[in-house]
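The values are calculated or read from the model by the stated rules, or taken from the named source; none is laboratory data. Please read these numbers as outputs of a predicted model, since none were measured by experiment. Methodologically, a virtual Cβ is constructed for each residue, glycine included, from the backbone with ideal geometry; neighbour enumeration extends over all protein chains shown.
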Amino acid sequence: MIKLSQRAQQMKPSATLGMAAKAKKLKAEGVDVISFAVGEPDFDTPLHIREAGKKGIDEGLTRYTPSNGIPELRIAVREKLKRENNLSYSDEEIVVTCGAKQAIYNALQVIVDPGDEVIVPAPYWVSYPDQVLLAAGRPVILATSEADSFRVKPDKLAGAITPRTRAVILNYPSNPTGSSYSAEEIRQLGEVIADRKIAVISDEVYEKLLYTGERHTSIAEACPRCKEYTIVVNGVSKSYAMTGWRMGYAAGPRDVISKIAEITGQQNTGIPGFVQKACVEAIRGPQDEVERMRQEFKARRDLMLEALASIRGMRCHVPDGAFYLLPGVEAWIGKSWNGNRIPDADTLAEYLLEEAHVATVGGDPFGAPGFLRLSYATSRQKIEEGVARLSKALSRLA
Ligand code: PLP
């Protein structure tokens with residue numbers, strides 16, 4: 001038998017993928033499952049982007065690429081950061097990665113030494129703590145409260161920083177809470193980070209899915225003093241319905257960025273050239289599809305919030321962006337069905353899949369016990385039908 005490393009043993013299987021697999025299995029058995037568990041837009045990649053990718057294949061962009069990305073794409077990203085985020089970077093301060101996920105993973109590999117602390121505000125995206133552990137760091141979970149709309153308060157952040165703190169990961173709009181920050185709120189967090197000279201990984205993958213009417217403001221823009229401590233992470237997955245294309249990027253201090261590229265070079269060399277061509281088109285081309293998808297997500301958010309509000313005992317804060325709701329479901333925890341007690345939200349999610357044939361994810365793996373994460377990246381009709389099923393199944397618990 002091959003002995004597994006300690007690093008491998010401490011990894012937990014992804015809860016979101018686990019739930020998606022269970023839902024898929026039921027579907028394959030012929031059950032009509034409605035999924036609120038997915039973390040990706042249900043739209044197709046816009047046609048002009050797909051065409052650019054096909055053209056890239058025909059043009060022979062099928063060989064190895066530079067591990068920091070093709071120059072044309074890094075230029076497109078540089079221009080985007082200037083145009084949309086008012087951030088100036090040189091081409092050497094930008095690296096293309098295999099999804100935003102790899103940008104975050106490699107950034108942690110570059111800045112974390114064994115035992116270093118990385119502050120992860122909760123609720124968090126499931127990958128952050130595991131990625132910190134894989135960098136031999138220590139995730140320090142910083143709880144936020146629903147009363148604060150799950151936003152990190154500057155004094156709480158300052159209080160969590162110790163001499164071992166290397167970085168904090170901020171995600172806005174957030175998966176799973178949908179919360180974001182005003183320019184002033186994020187500026188205040190930037191001041192704490194710059195004062196204490198820690199790094200911030202600023203995960204902005206949902207920047208284009210914001211429904212507040214405000215403009216998304218990056219921490220590096222809101223607090224210019226914080227820019228030298230910031231690694232901005234973004235990508236095309238969520239904004240352009242391109243999850244499967246696997247392109248993300250990081251922008252930040254040149255030494256950090258070049259090390260991220262060196263690590264990428266040892267992992268997957270670089271991402272396909274034709275994918276990068278499609279991403280140039282996504283970033284530089286017409287943006288009207290992005291706006292259409294944003295408006296549709298906003299309508300779905302409102303529809304799902306309204307439907308959930310009719311379930312007695314269900315409490316749900318209004319998210320600013322992304323495509324998730326995080327309703328509190330404490331009212332049903334401790335209840336039973338067929339004599340089986342439901343001790344936590346994960347078990348409630350299992351019950352809902354079995355009884356209502358609706359896939360949701362329990363909040364525990366997001367650092368949100370007592371909550372369910374519901375994705376509204378599905379049709380309005382499925383949202384209405386799915387919430388009606390949830391309502392019925394919940395009312396059967398005693
Ligand atoms: N960051 C957050 C908060 C996410 O929710 C996700 C995907 O679910 C990612 C990063 C990863 O995105 P990508 O597809 O670009 O790797």
Original post:
Scanning the stretch 14-65 for residues that are free of Cβ contacts under 8 Å to residues at least 40 places away in the same chain, under 30 Å from residue 387 (Cβ atoms) and part of a helix (DSSP H, G or I), which turns out farthest from the ligand (Cβ to nearest atom)?
Top reply: 28
**OP:** Go through the stretch 217-276 and give me each residue that's within 16 Å of the ligand (Cβ to nearest atom), hydrophobic (A, V, I, L, M, F, W, C) and under 17 Å from residue 108 (Cβ atoms).
**Re:** 231, 232, 233, 250, 251, 260, 263
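Quick check on residue 345: is it hydrophobic (A, V, I, L, M, F, W, C), farther than 30 Å from residue 139 by Cβ and in the same structural domain as residue 304 (by TED's automatic domain parsing)?
no
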Original post:
Looking at this structure, is residue 122 hydrophobic (A, V, I, L, M, F, W, C) and either farther than 26 Å from residue 243 by Cα or assigned by TED's automatic domain parsing to the domain that holds residue 14 (or both)?
Top reply: no
**OP:** Might you check whether a residue that is outside the structural domain of residue 380 (by TED's automatic domain parsing), of a type in the set (A, V, I, L, M) and closer than 30 Å to residue 391 by Cβ occurs anywhere in the stretch 265-277?
**Re:** no
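Each row is one residue, and each column tells you yes or no for (1) surrounded by 15 or more Cβ atoms within 10 Å (Cβ to Cβ); (2) at pLDDT below 95; (3) over 22 Å from residue 287 (Cα atoms).
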| residue | (1), (2), (3) |
| --- | --- |
| 6 | no, yes, yes |
| 16 | yes, yes, yes |
| 64 | no, no, yes |
| 72 | no, no, no |
| 75 | yes, no, no |
Subject >> Every residue from the stretch 102-128 that is surrounded by fewer than 23 Cβ atoms within 10 Å (Cβ to Cβ), more than 12 Å from the ligand (Cβ to nearest atom) and either part of a helix (DSSP H, G or I) or among the small types (Gly, Ala, Ser) (or both) >> reply: 109, 110, 111, 115, 122
Original post:
Which residues, counting only those in the stretch 79-101, are away from the ligand (no atom under 12 Å from the Cβ), touching a helix residue (DSSP H, G or I) at 6+ places or on another chain (Cβ under 6 Å) and closer than 28 Å to residue 244 by Cβ?
Top reply: 80, 85, 87, 89, 91, 93, 94, 95
Subject >> Options 96, 77, 126, 132: the member that is more than 18 Å from residue 263 (Cα to Cα) and within 19 Å of the chain's Cα centre (by Cα) >> reply: 126
**OP:** Output the residues belonging to the stretch 83-101 that are touching a strand residue (DSSP E or B) at 6+ places or on another chain (Cβ under 9 Å) and assigned to a loop (DSSP other than H, G, I, E, B).
**Re:** 87, 89, 98
Subject >> Within the stretch 311-348, tally of residues that are part of a loop (DSSP other than H, G, I, E, B) and of a type in the set (Phe, Trp, Tyr) >> reply: 1
Subject >> The one condition in (1) in a loop (DSSP other than H, G, I, E, B); (2) crowded, with 18+ Cβ neighbours inside 10 Å that residue 308 fails to fulfil >> reply: (1)
**OP:** Being closer than 22 Å to residue 19 by Cβ and part of a helix (DSSP H, G or I) is the filter here, so list the residues in the stretch 129-164 that pass it.
**Re:** 129, 130, 131, 133
**OP:** For the stretch 145-157, state whether one or more residues are more than 16 Å from the ligand (Cβ to nearest atom), buried (at least 19 other Cβ atoms within 10 Å of the Cβ) and either more than 18 Å from the chain's Cα centre (by Cα) or closer than 22 Å to residue 100 by Cβ (or both).
**Re:** yes
